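The values are calculated or read from the model by the stated rules, or taken from the named source; none is laboratory data. Given the structure is predicted, the values throughout are model-derived calculations rather than measurements. Here the Cβ positions follow ideal geometry from the backbone for every residue, glycine too, while neighbour counts run over all protein chains shown.
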Amino acid sequence: MLQIKNVNLNVSGVALLHNISIELELGKIYGILGPNGAGKTTLFKSMLGLTDYTGEILSESQPVSSQLFGSLIEYPAFYPKLTVAENLWLHARYLKINNPDIKTALEQVNLWEARSKLFSQLSLGMRQRLGIARAFLGNVKYLLLDEPTNGLDPMGIKEIRLLLKERLKSPNHCILVSSHNLTEIAAITDCLIFIKNGRIVKILENNYNEQELEALYETIMTSSKEGLE
Amino acid sequence: MITLIRNEFYKQKREWSFLFLLLLSLLPVLTGGAGAIFNSSTKTLADLFFFMNNQFAMFFPMVLFILVGFLFYQEYKNKTYINWITYGYSKRKLFFTKVSVALIIGVLFAAILLLLFICLIFALKVTGKVSADIPELLTVSVGFLLEAAIIIPVTVCAGAIIINLSRNIIISSVIGVIYGFASCFFIGSEIGFVVPNGFAYRVAMYFSDRTSYYDNPIRATIGGCVISLLIFAILLSVGVILFTHKRKIES
């Protein structure tokens, strides 16, 4: 279980994260919803130790290490002159993984055939899938996927959705997905976390279809109330 | 640390920019060699070394600036910086890895330059265009290696500061060019030993022509060594502090 306790982050007098407290369980996919600038990426970065936050982020009651996370933050960033397989191999070496199963990782995201292509030759959809493959490589427990379908066409979005829900969801992983795409979030997540102005404003089990979620999102985001309900 | 260094070299696979930098490093010997081949007069080893070393003292700091800038910039440009710093290694270690790789490549470039120079001298000796013997060649080689030993660490540390402050390879390269020219201004000065690159040049020249050294050699040698070490330590410390400084949000 990942526990986030009273996490705050202030930059130049502005509260980017305000008293964030939440517990995230293994085996579930969480959807983080909120408008631009709500604090979704900042929350992900804090989990990775990339911000100077106050508060606690614990994994099984121990201070969390960035090595427990697989992440795809903002953009699938790789070395353009290395091939798909070489990029994953390099990632595995940084994580000190002996004999990484790169074949399985690439097969999971349908990129095994493209393993010898340079990263610079991949389409955006392939890059996103490679980013997801990398995030899952090794002994990670928590997966942070920040807008994984950003810039993808409808087929690409569907591919990522199926990938997450049907192939990568497992009792050993806790997956957090941030997105603006309500269709996608409604389809893949077990739990919804609404975030606004750096605060978590609502946490709900996902029992909604797309239309209901759209109405709910509008209600929550236009409500003047701040803080968790 | 060894794995991190290996990873850095692995990242450079298919990066042809290094070949360009190597060619830039070799320019002093290539131009000096071409001049000697097409010139009908016989030159001395000291003449050729003087020509090569003048250009080396100016060009090599530029090459090193671009080299270390490129190594760090790779993470910023590819946006891999965030991944790179979240693998669980300390930022200090990551900084030292990049600097070590720049030092290794810098030493390698200087060694290739020296080898090429030695080959050129042998080739010119065979064709009778240069008068030189092996002990003399070894002596100037020692001077050149000492010069490289001063220039490489100091310049790499200075370059690392600039690239991490600017995160822009153009700014870093322009400052590298200015740095290369500016350090040459101090070569001729009697108190030029306070600038490591100027001091390094005069040290190298001492091994080929002793009259070209400082008028007060003891003061210059002790002062130059101490100041070079001090500047290296300061630049390295500033580089580490800048890079490891905890930002409110890493990006």
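Those residues that are part of a helix (DSSP H, G or I), over 14 Å from B:R167 (Cβ atoms) and within 14 Å of chain A (Cβ to nearest Cβ), I need them from the range B:79-92; list them, please.
The initial filter retains those residues of the range B:79-92 that are part of a helix (DSSP H, G or I), namely B:81-85, B:91-92.
Pick out the ones that are also over 14 Å from B:R167 (Cβ atoms) and you get B:83, B:91-92.
B:N83, B:K91 - these are the residues of the range B:79-92 that are part of a helix (DSSP H, G or I), over 14 Å from B:R167 (Cβ atoms) and within 14 Å of chain A (Cβ to nearest Cβ).
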> Say we look at the range A:213-229 and pick out the residues that are over 23 Å from the mean Cα position of the chain (by Cα) and modelled with pLDDT of 75 or more; which of these is farthest from A:K196 (Cα to Cα)?
Replying inline: A:A215
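Per-residue answers, yes or no, for (1) farther than 27 Å from A:L124 by Cα; (2) modelled with pLDDT of 90 or more:
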residue	(1), (2)
A:L26	yes, yes
A:I32	no, yes
A:N36	no, no
A:T41	no, yes
A:K45	no, yes
A:E60	yes, no
A:S66	no, no
> When you look at B:S183, is it at pLDDT below 95, among the hydroxyl-bearing types (S, T, Y) and over 24 Å from B:I222 (Cα atoms), yes or no?
Replying inline: no
> Of A:Q108, A:Q128, A:Q121, which residue is farther than 20 Å from B:E8 by Cβ and either within 8 Å of chain B (Cβ to nearest Cβ) or over 21 Å from the mean Cα position of the chain (by Cα) (or both)?
Replying inline: A:Q121
> Can you list the strands (runs of 3 or more DSSP E) found entirely within the range A:157-229 that contain at least 2 residues being of a type in the set (A, V, I, L, M, F, W, C) and over 21 Å from A:A135 (Cα atoms)?
Replying inline: A:191-196, A:199-205
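Take the range B:63-77 and flag every residue that is out of contact with any Lys or Arg (no Cβ under 6 Å at 6 or more places or on another chain) and surrounded by 20 or more Cβ atoms within 10 Å (Cβ to Cβ).
B:V63, B:L64, B:F65, B:I66, B:L67, B:V68, B:G69, B:F70, B:Y73, B:Q74, B:E75
Scanning the range B:171-213 for residues that are of a type in the set (V, I, T) and part of a loop (DSSP other than H, G, I, E, B), which turns out farthest from B:F144 (Cα to Cα)? Step through it out loud before you land on a result.
Pass one, the range B:171-213, residues of a type in the set (V, I, T): B:171, B:174-175, B:177-178, B:187, B:191, B:194-195, B:203, B:211.
Remaining after also requiring part of a loop (DSSP other than H, G, I, E, B): B:187, B:191, B:195.
On the way: B:I187: 15, B:I191: 21, B:V195: 17 Å.
Checking each candidate, the answer is B:I191.
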>> Name the single residue that is surrounded by the fewest Cβ atoms within 10 Å (Cβ to Cβ) among those in the range A:45-69 being farther than 16 Å from B:G88 by Cα and within 10 Å of chain B (Cβ to nearest Cβ).
In response: A:D52
> If you go through the range A:1-16 one residue at a time, how many are among the β-branched types (V, I, T), over 24 Å from A:L143 (Cβ atoms) and more than 10 Å from every other protein chain (Cβ to nearest Cβ)?
Replying inline: 1
> Which one is farthest from B:F70 (Cα to Cα), of the residues in the range A:49-75 that are of a type in the set (V, I, T) and assigned to a loop (DSSP other than H, G, I, E, B)?
Replying inline: A:V64
>> I want to confirm something. Restricting to the range A:117-137 and keeping residues that are small (G, A, S) and touching a helix residue (DSSP H, G or I) at 6+ places or on another chain (Cβ under 7 Å), which single residue is surrounded by the most Cβ atoms within 10 Å (Cβ to Cβ)?
In response: A:A133
>> So A:V140 ticks every box in (1) among the aliphatic types (A, V, I, L, M); (2) closer than 30 Å to B:Y10 by Cα; (3) part of a loop (DSSP other than H, G, I, E, B); (4) free of Cβ contacts under 8 Å to residues at least 40 places away in the same chain but one. Which box is left unticked?
In response: (4)
>> Restricting to the range A:87-105, name every residue that is at the interface with chain B (Cβ under 7 Å from one of its Cβ atoms) and in a helix (DSSP H, G or I).
In response: A:L90, A:R93, A:Y94
> Failed condition for A:F78, given (1) more than 13 Å from every other protein chain (Cβ to nearest Cβ); (2) assigned to a loop (DSSP other than H, G, I, E, B); (3) modelled with pLDDT of 90 or more, with all others met?
Replying inline: (1)
>> Can you pull out every residue in the range B:214-251 that is part of a helix (DSSP H, G or I) and either within 14 Å of chain A (Cβ to nearest Cβ) or touching a Pro at 6+ places or on another chain (Cβ under 6 Å) (or both)?
In response: B:S228, B:I231, B:F232, B:T244
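Is it the case that some residue within the range B:119-136 is under 22 Å from B:S25 (Cα atoms), under 17 Å from the mean Cα position of the chain (by Cα) and away from chain A (no Cβ under 14 Å)? Explain how you work it out, then say what you get.
At the first step, the residues of the range B:119-136 found to be under 22 Å from B:S25 (Cα atoms) are B:119-124.
Those left that are additionally under 17 Å from the mean Cα position of the chain (by Cα): none.
Within the range B:119-136, none of the residues are under 22 Å from B:S25 (Cα atoms), under 17 Å from the mean Cα position of the chain (by Cα) and away from chain A (no Cβ under 14 Å).
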>> Given the condition surrounded by fewer than 20 Cβ atoms within 10 Å (Cβ to Cβ), modelled with pLDDT of 95 or more and within 14 Å of chain A (Cβ to nearest Cβ), answer yes or no: does some residue in the range B:93-100 qualify?
In response: yes
> Does B:L145 satisfy being hydrophobic (A, V, I, L, M, F, W, C), within 18 Å of B:S208 (Cβ to Cβ), surrounded by fewer than 19 Cβ atoms within 10 Å (Cβ to Cβ) and touching a Leu at 6+ places or on another chain (Cβ under 8 Å)?
Replying inline: yes
>> I'm told A:V140 meets every condition in (1) within 13 Å of another protein chain (Cβ to nearest Cβ); (2) β-branched (V, I, T); (3) over 16 Å from the mean Cα position of the chain (by Cα) except one. Can you identify the failing condition by its number?
In response: (3)
> Got at least one residue in the range A:191-205 being in contact with a strand residue (DSSP E or B) (Cβ under 7 Å, 6 or more places away or on another chain) and of a type in the set (D, E)?
Replying inline: yes
> How many residues are under 16 Å from the mean Cα position of the chain (by Cα) and touching a residue at least 24 places away in the same chain (Cβ under 8 Å) if we restrict to the range B:164-186?
Replying inline: 10
>> Quick check on the range A:17-42: of everything there that is touching a strand residue (DSSP E or B) at 6+ places or on another chain (Cβ under 6 Å) and within 14 Å of another protein chain (Cβ to nearest Cβ), which residue is surrounded by the fewest Cβ atoms within 10 Å (Cβ to Cβ)?
In response: A:T41
